[in-house]
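The structure appears below as structure tokens.
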Amino acid sequence: QVQLVESGGGLVQAGGSLRLSCAFSGRTFSIYNMAWFRQAPGKERNIVTGISWSGDSTYYADSVKGRFTISRDNAKNTVYLQMNSLKPEDTAVYYCAAGDRGLGRTPNAYDYWGQGTQVTVSS
């Protein structure tokens, strides 16, 4: 069974940076497309960014383009989210997700989820 464990969340001031990590275990990491979603209180879970199994394709939500970077290390079974120039509106629980049905942009495209890590950006 696939397990995903996120780390790296925390409290940061606006304009600061954080790096989230998601450790994958249980199956062959290199065949899974990976994504980061986020969910703020009272709001839907929305995609932030995704990366294909090979790393050749990526997707970014308009709200994070130019500020966030997704990457993966297939040798370490880990996907990363580098977040720069953080804004208060980036405050949310960030979830790592894995799926093998294409680089989808909705939660139902992913089969496995981490427990989430809180990111809070103060103004």
query: According to a simple spin-label model (label point 7 Å from Cα along Cα-to-Cβ), what is the distance in nm between residue 84 and residue 111?
result: 3.6 nm
field: Förster-model FRET efficiency, 30 Å R0, residue 56 and residue 14, C-beta, rounded to 0.05
entry: 0.35
query: Per Stokes-Einstein, at 25 °C and 0.890 mPa s, what whole-number D in µm² s⁻¹ belongs to the stretch 17-111, with the Kirkwood radius over Cα pairs as the hydrodynamic radius?
result: 184 µm²/s
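By the scheme Lys and Arg +1, Asp and Glu -1, what is the net charge of all other residues having a beta-carbon under 13 Å from that of residue 116? The partial results should precede the final answer.
Values: positive: 38, 45; negative: 6.
Charge balance in the 13 Å sphere: +1.
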- request: Treat every Asp and Glu Cβ in the stretch 28-123 as -1 and every Lys and Arg Cβ as +1, leave all other atoms uncharged, and give the resulting dipole magnitude about the Cα centre to the nearest 20 debye.
  value: 120 debye
- request: State whether the stretch 55-123 is rounded, prolate or oblate according to the following rule on the C-alpha gyration tensor (a ≥ b ≥ c being the square roots of its eigenvalues): a/c under 1.5 gives rounded; otherwise a/b larger than b/c gives prolate, and the remaining case gives oblate.
  value: prolate
- request: Taking the Cβ of residue 80 as the centre, find all other residues whose Cβ is under 12 Å away and add up their charges (Lys, Arg: +1; Asp, Glu: -1).
  value: +1
Given the chain, longest segment not containing exposed loop trypsin sites (Lys or Arg not before Pro) (DSSP; at most 15 other Cβ within 10 Å): 1-26
field: Residue-count net charge about residue 61 - beta-carbon cut-off 14 Å; Lys, Arg +1, Asp, Glu -1
entry: +3
- prompt: Taking 0.36 nm per residue of separation and subtracting the Cα-Cα distance, what length does fully extending residue 39 through residue 74 add?
  reply: 10.0 nm
- prompt: What residues from the stretch 72-86 fall in the zone where the backbone N is under 15 Å from a label point 7 Å along the Cα-to-C-beta line of residue 28?
  reply: 74-75, 77
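Read-outs: derived from the displayed coordinates by stated rules, not from any lab. Just so we're clear, the structure is a prediction, and the values are computed from it rather than from any experiment. Using ideal geometry, Cβ is built from the backbone for each residue, glycine included, and neighbour counts are taken over all protein chains shown.
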